[in-house]
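K.L.:
Structure incoming, see below.
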Amino acid sequence: MSSNRRPRRIVPAPEHPLAAPSSGRRGFLRRAAALSGGALAGGAGVAAAGAELARNLPPNVPEWSRTLGAPILASPYGVPSRFEANVRRRESPGLTRTPHSSVSFTPLQSLFGIVTPSGLHFERHHAGMPEVDPHQHRLMIHGMVRAPRIYSMEDLMRFPSVSRVHFIECGANTGMEWANVAVPTVQYTHGMLACSEWTGVPLSTLLDEAGYDRKARFVLAEGADGAGLTRTVSMAMALDDVLVVYGQNGEMLRPEQGYPLRLLVPGVQGVSSVKWLRRLEVGDQPWNTREESLHYVDLMPGGKHRQYTWIQEAKSVITTPSGGQVILDRGYHEITGLAWSGRGKVKRVDVSTDGGRNWRTARLQEPVHTKALTRFRLDWTWDGGPALLQSRCMDDTGYVQPTYRQLRAVRGTRSIYHNNAIQTWRVDPSGEVSNVQVL
Ligand SMILES: Nc1nc2c(c(=O)[nH]1)N[C@H]1C(S)=C(S)[C@@H](COP(=O)(O)O)O[C@H]1N2
Ligand SMILES: [Mo]
């Protein structure tokens, strides 16, 4: 019961992506709901009888109200309650051959607001996670610059800094769903996605400092991991909003996110945000590295590959109710989810409960940041009948998130990257929510 917002009313998804929902547990929760009156149709709360109220008055207080609690510093670096143990990153079995070149997914179904707790930020490593000593780490800037530089972390942290909220989405997010439904929960369909407040130095500051050549058009970023991951970033982006970051949600980056230094390319597919950043080379042509010629290219219907598609276009997904959850009773439910666009701000999110025939505009949580996750919410009364839940994002360029039919007309069904189609969750009269595709 621990992982969900309304444990009594919506049962969390099974922990294992391939595991059948545990009917025993669900049965228990149904009974519990019935006993406490939670199954009352239409009731958003539980009406308590007089006897129940009396049983809840002092001296009838819970066990933990009668004793001393744990002392301070029970945990010098705080961790979540043990009752939240179900809220965790998960790996999709069989997705990759080794855990060193794999992905763990963010449990989007369990999160509130727009910030991903650092410990739940999805991980994507090409050659495992290096342990980088911040005292020995250096960032080199060279190539078409007047004054090549090598910075220590102390040097970098002396520059004027900025903090900004941005999402990171792997280009392969939702990539398993191109041809048909492949995975059961939002953690696996959309969980290569996270959003943090990042702190660091604008790349433009460092480029100015090195005196970049005005004829330069690209910057190569290289990571210090065994993969030596390299990606080309355009000079236009580099001078616009790219950051060299060391801070994540108020503290130093987590090792999984590139401690002690990473590139952060807002709005662009995750691979460009090179972790454990050690080298920046300024040049006048793209480098066509392995990760931008062999991988991270889009296979188009005609058989050609499209290269350098950087931007993560407008996209959204309902996180509650979502695949694998069970709605226990009719009546009021809040539909909520996340929307984002690599081009700017989310302007509007529409929600449909009938597979796209009728749409209502959702509330957006303020403030809406640019190139950041945006929380949307809509009131819904479930009448107990079948429903098809969808969300559709529009960004401030006017771009509207496509249906699967629209996306496939352009991209076919054999791609891996950049699937931003409208997601559908089917609600059965039993209350079970599952992943389906509506064209
Ligand atoms: N050096 C290095 N940088 C990297 C990677 C990597 O394996 N090595 N993976 C990339 C990919 S494919 C993605 S999607 C993002 C993921 O960032 P995260 O692990 O912080 O979620 O990091 C990118 N930066
Ligand atoms: Mo990625």
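The values are calculated or read from the model by the stated rules, or taken from the named source; none is laboratory data. All figures in this text were calculated on a predicted structure; none of them were measured in a lab. Virtual Cβ from ideal backbone geometry, glycine too; neighbours counted across all protein chains shown. Surface areas here come from the heavy atoms of the whole protein model, side chains and all, with no ligands, DNA or RNA. Shrake-Rupley method; radii C 1.70, N 1.55, O 1.52, S 1.80 Å.
K.L.:
Determine, for each peptide in 155-163, 67-75, the mean count of other beta carbons within 10 angstrom over its residues, then list the peptides with the highest first. All intermediate terms of the calculation are to be shown ahead of the outcome.
P.N.:
Details: 155-163: 14.1, 67-75: 7.1.
Highest-to-lowest ranking by the protection proxy: 155-163, 67-75.
K.L.:
In nm, to one decimal, how far is the residue 83 label point from the residue 290 one, both placed 7 Å along Cα→Cβ?
P.N.:
Result for the modelled spin labels: 4.8 nm.
K.L.:
If you don't mind, there's one more thing I want to ask. To the nearest whole percent, what portion of all C-alpha pairs in the stretch 337-390 is separated by more than 17 angstrom?
P.N.:
On the way: 592 of 1431 pairs.
Of all Cα-Cα pairs in the stretch 337-390, 41 percent lie more than 17 Å apart.
K.L.:
Additional query: Taking the Cα of residue 343, stepping 7 Å toward and past its beta carbon, and measuring to each backbone N in the stretch 283-327: which are under 12 Å?
P.N.:
Taking a point 7 Å out along Cα→Cβ of residue 343, the residues of the stretch 283-327 whose backbone N falls under 12 Å are 311-315.
K.L.:
What is the projected area of the convex hull of the Cα atoms of the stretch 80-130, averaged over all directions, in nm²?
P.N.:
Working: hull surface 17.8 nm².
Directional mean of the projected Cα hull area for the stretch 80-130 stands at 4.4 nm².
K.L.:
What Rg and what Dmax come out for the chain when only alpha-carbon atoms are used, in angstroms?
P.N.:
Rg and Dmax of the chain, Cα atoms, are 23.7, 81 Å.
K.L.:
Using packing as a proxy for protection, rank 87-98, 285-296, 339-350 so that the peptide with the highest average count of other Cβ atoms within 10 Å comes first.
P.N.:
339-350, 285-296, 87-98
K.L.:
Next question. Please calculate how many Å² of accessible area the chain carries per residue, with a 1.4 Å probe and no DNA, RNA or ligand atoms counted. Don't skip to the end; give the middle numbers.
P.N.:
Details: 20190 Å² over 439 residues.
For the chain, the per-residue accessible area is 46 Å².
K.L.:
Now a separate question. Simple spin-label model, 7 Å along Cα-to-Cβ: residue 159 to residue 98 in nm?
P.N.:
Modelled inter-label distance: 3.3 nm.
K.L.:
Over the chain, with every protein chain in place, what whole percent of the accessible area is carbon and sulfur at 1.4 Å, could you tell me?
P.N.:
C and S atoms contribute 54 percent here.
K.L.:
Can you tell me what percent of all Cα-Cα pairs in the stretch 148-234 are more than 23 Å apart?
P.N.:
Values: 1752 of 3741 pairs.
Result for the distance tail: 47 percent.
K.L.:
How long, wide and thick is the stretch 326-439, going by the Cα atoms along their three principal axes, in whole angstroms, largest first?
P.N.:
Dimensions of the stretch 326-439 along the principal axes of its Cα atoms: 39, 37, 22 Å.
K.L.:
In nm, to one decimal, how far is the modelled label at residue 179 from the one at residue 136, with both set 7 Å along Cα→Cβ?
P.N.:
4.6 nm
K.L.:
So what is the diffusion coefficient of the stretch 90-159 in µm² per second by Stokes-Einstein at 4 °C and 1.567 mPa s, using a Kirkwood Rh over Cα pairs? Walk me through the numbers before you get to the answer.
P.N.:
On the way: Rh = 15.7 Å.
The calculation lands on 83 µm²/s.
K.L.:
Which one of 116, 400, 273 has its Cα pushed farthest toward the positive end of the charge dipole of the chain, where Lys and Arg give +1 and Asp and Glu give -1 at the Cβ?
P.N.:
400
K.L.:
The stretch 118-306: D in µm²/s via Stokes-Einstein (Kirkwood Rh, Cα pairs, 37 °C, 0.692 mPa s)?
P.N.:
Details: Rh = 17.2 Å.
Here the translational diffusion coefficient equals 191 µm²/s.
K.L.:
Over 10 Å intervals from 0, what percent of Cα-Cα pairs in the stretch 358-421 sits in each interval?
P.N.:
15, 40, 34, 12
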